[in-house]
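The values are calculated or read from the model by the stated rules, or taken from the named source; none is laboratory data. Because the structure is predicted, anything quoted here is derived from the model rather than measured. Note that we place each Cβ from the backbone using ideal geometry, even for glycine, and neighbour counts take in every protein chain shown.
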Amino acid sequence: MLDARTITDNPDNIKAHLTKRNMGPDVLASVDTLVALAERRTELVTERDNLRARRNALSKDIGAMYKSGRADEAAAAKAEVSAGTEKTKLLEDELNDLETEQRTLLLHIPNTLHESVPEGRNEADNEEIRSWGTPRTFDFEPLPHVEVGENLGILDFERAAKLCGARFAVLKGMGARLERALINFFLDLHTSEHGYTEVMTPYMVHPHIAEGTGQLPKFAGDMFKLADQLNGADAYLIPTAEVTVTNLHREEILEETELPLKYACFTPCFRSEAGAHGRDVRGLIRTHQFHKVELVQIVADHASEAAHHELLGHAEECLKRLELPYRVERLCAGDISFNAHHCYDLEVWVPSLNKYNEISSVSAFGDYQARRMQTRFRPQSTDGKKTKLRYAHTVNGSGLAIGRTVVAILENFQQADGSVVIPDVLRPYMGGVSILKA
């Protein structure tokens, strides 16, 4: 979340960011509400502190009053202390209610935008940064991955639908092997060459953990909720390993010498895809459950931008090694996620769609997530004195989404006879298999 003082000290600047994001009048109005709450909080704190000071002073004098025979004055002072205590309690109750309202409003205000984020309302206004590789020209009519996979006998959507309805898939034989090969390849690449530590984390979390990375309360409708199923409390299935991995260091104070912390994590991801009806619903592109290798970096504030570009390069390297054409786009203000300060989308070429399709979003958050999680670091001292704590910065991105990589391989490397060539880099993970045949 944003620092309340940042908002109240310069509300017009925050409103400018919200306007650039195309936020509605209700969100803009919440800025004014926060300013008013901050002013009222100052009044309450001042009144409470004055009452406490008066109570403390009177309490010290009451004994002396009794000793000097001023019982009437002592009784009046005691009555004033009692009334002041009651009034202080009322003020503190109002303060608690005010701070709860303030936090609720802060949780619904999106991150500020990096200066390089372009204006725009939707994905059509995103800015292409670069591309790599040339989309293949076919001398036959290429099939979508659903038909390629079904013809090979490695994808089964009908039997998956028997189990839990639409937007699920069963991968069989070499299809399952391909999925596993990609997981292992990505993890090996990121841990052996890119310097990430592999972690395995839980697949479900309590609400305050999802709140820490910004999935809650904003995106509750996109998550699968488990009621009273986790140690007697509500829980959610994770939509991405970003949630668990970034929260590994919640409420911790890190030394700057420990940073950066770089984690690679494979998990299944669960998304209800609320509001996505009619968009990429056939096949593996938009499913309720999918596999992903997530990359997370927790860094010092001054290293944030460099970490963002580094992580993007790590995700790009996956596609280069697989020889899949892709492009990088900088998301515009109207398309960037609620929590992100700056975001690049990595899009792989999908022949059946005749376009590039997102396979990774690489986002920098500034201290937005760390402030929610209370993840701080102590900068190195240059003079031996203790330095002031600062919030860490977080960066993450997919490295990569497995199902969408399967889609790209099946479609880009399909042959006229229905077979699919396996990229060279995956063959050791496929037991030496170089081509998938029916």
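When each of G384, G313 is tested for being assigned to a helix (DSSP H, G or I), free of Cβ contacts under 8 Å to residues at least 12 places away in the same chain and assigned by TED's automatic domain parsing to the domain that holds E255, the lone residue that passes is G313. Only residues that are touching a residue at least 60 places away in the same chain (Cβ under 8 Å) and among the basic types (K, R) were counted across region 147-175, and they come to 1. Applying the criterion of being surrounded by 14 or more Cβ atoms within 10 Å (Cβ to Cβ) and modelled with pLDDT of 75 or more to the residues of region 67-77, the residue that is farthest from L51 (Cα to Cα) is R70. Reported count of residues in region 168-188, each being surrounded by fewer than 20 Cβ atoms within 10 Å (Cβ to Cβ) and in contact with a Phe, Trp or Tyr (Cβ under 7 Å, 6 or more places away or on another chain), is 3. G69 fulfils the conditions (1) more than 38 Å from the chain's Cα centre (by Cα); (2) part of a helix (DSSP H, G or I) except for a single criterion, (2). Give the number of residues within region 126-167 that are within 29 Å of the chain's Cα centre (by Cα) and surrounded by fewer than 17 Cβ atoms within 10 Å (Cβ to Cβ). The total comes to 9. Being of a type outside the set (S, T, N, Q), over 17 Å from G212 (Cβ atoms) and outside any helix (DSSP H, G or I) is a description that applies to I285. M1 passes every criterion in (1) crowded, with 16+ Cβ neighbours inside 10 Å; (2) outside any loop (DSSP other than H, G, I, E, B); (3) not aromatic (F, W, Y) apart from (2). Does at least one position in region 375-386 carry a residue that is among the polar types (S, T, N, Q), under 17 Å from E255 (Cβ atoms) and surrounded by 15 or more Cβ atoms within 10 Å (Cβ to Cβ)? Yes - at least one qualifying residue is present in region 375-386.
The residue pairs whose first member lies in region 1-18 and is among the polar types (S, T, N, Q), whose second member is assigned to a helix (DSSP H, G or I), and whose beta carbons are closer than 6 Å, counting only pairs six or more residues apart or on different chains, are T8/V35; T8/A38.
The residue of region 189-210 that is nearest to E251 (Cα to Cα), among those that are buried (at least 20 other Cβ atoms within 10 Å of the Cβ) and in contact (Cβ under 8 Å) with a residue 40 or more places away in the chain, is I209. Identify the residue in region 134-171 that is of a type in the set (D, E, K, R) and in a loop (DSSP other than H, G, I, E, B) and, among all such residues, is farthest from E323 (Cα to Cα). Checked region 134-171; the qualifying residue farthest from E323 (Cα to Cα) is R167.
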